[in-house]
Every structure is written in structure tokens, then in C-alpha cells.
Amino acid sequence: MDAKNIFIASGRYLKYIQWVPGDRTEWHYVGVGDDYDENKVDAFIQCHFGTVELFLVLDRHRVQICQAANAAPVIGLLFSENGLTVCNRDFTKMMVFKKIGVMKYGERHDSPLH
């Protein structure tokens, strides 16, 4: 799959993700810039995705592929500009990072697309 198709697919499946609620909202503060908590993000990634290969979707022209074990430092460098969507290869699990230092994660269940 090329970057454009990954971007389109991630956007299409994003609306079917059921976000995991936190204390008051599904958004979790992970920091940005010097405040970015790489260990916290790594724990969320390992718990949510395990050890799979991930798509780091920046925009329709920029998608990086990396292993979940190496994703947290790369995410820290990328999402502060425009945000970022992280997903597994079949788009059933996703994380969304906003440039203000928050993220949410969830899973797709019973999508009408399958």
C-alpha cells in the first residue's frame, strides 16, 4: 500500500473506532516537546498493539512504517507538527495524537465495511 491509500483507509476506518475511556474523557495527556513522556506512550503502545508493525500516518504523502517496540521515540518527533494517527496493518486498532500533547486509542468492532 502506498502512503495515499494508507491515509485514505485510516481516515475511513477511524470513524468506526470505539475509543477507550479514561477518567473523564478518552484523551490522555502524554506531553509534547520537552514534556513528552516517551515511557508512557511506549506503555500505551505495548498494551494496545503488542509487537506488530505499525503505520504512522502524518498526511496523504507521509506514512512511516515501524515496529511497535520502536514507535514511541519516533512518534515524539513527528506528532507535534500536525498530529498523527497510528494504526496496525488491518486498521482495527488506532491511536490519535494531537499536536497539543494528548492522545486517544481504541479498537474497531463490527464495522459495516467488513
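Remarks
- More than 18 Å apart - percent of Cα-Cα pairs taken over the range 51-100: 19 percent
- Placing +1 on the Cβ of every Lys and Arg and -1 on the Cβ of every Asp and Glu, with nothing else charged, gives the range 3-107 a dipole about its Cα centre of roughly 520 debye.
- Fraction of the pair-distance distribution of the chain above 16 Å, Cα-Cα pairs, percent: 56 percent
- Among the trypsin sites (Lys or Arg not before Pro) within the range 5-40, those in coil by DSSP and having at most 14 neighbouring Cβ atoms inside 10 Å are LYS15, ARG24.
- For LYS15 and HIS109, the difference between the fully extended length at 0.36 nm per residue and the C-alpha to C-alpha distance is 32.7 nm.
- Approximate spin-label separation LYS40-LYS98, in nm, with each point projected 7 Å along Cα-to-Cβ: 1.5 nm
- Listed by chain and number, the lysines whose alpha-carbon sits under 17 Å from that of LYS93, ignoring those within fewer than 8 places in the same chain, are LYS15, LYS104.
- Largest-first ordering by accessible area, 1.4 Å probe, given options VAL41, VAL74: VAL74, VAL41
- Portion, in percent, of the accessible area of the chain that falls on carbon or sulfur, probe 1.4 Å: 48 percent
- Net charge, ASN70 excluded, C-beta distance under 14 Å - Lys, Arg +1, Asp, Glu -1: -3
- Solvent-accessible area per residue for the chain (1.4 angstrom probe, square angstrom): 57 Å²
The values are calculated or read from the model by the stated rules, or taken from the named source; none is laboratory data. All of these numbers come straight from a predicted model, not from anything done at the bench. Positions of Cβ are generated from backbone atoms using ideal geometry, with glycine treated the same way; all protein chains shown enter the neighbour counts. When the accessible area is computed, the model is the full protein with side chains, heavy atoms only, and any ligands, DNA or RNA have been set aside. Shrake-Rupley method; radii C 1.70, N 1.55, O 1.52, S 1.80 Å.
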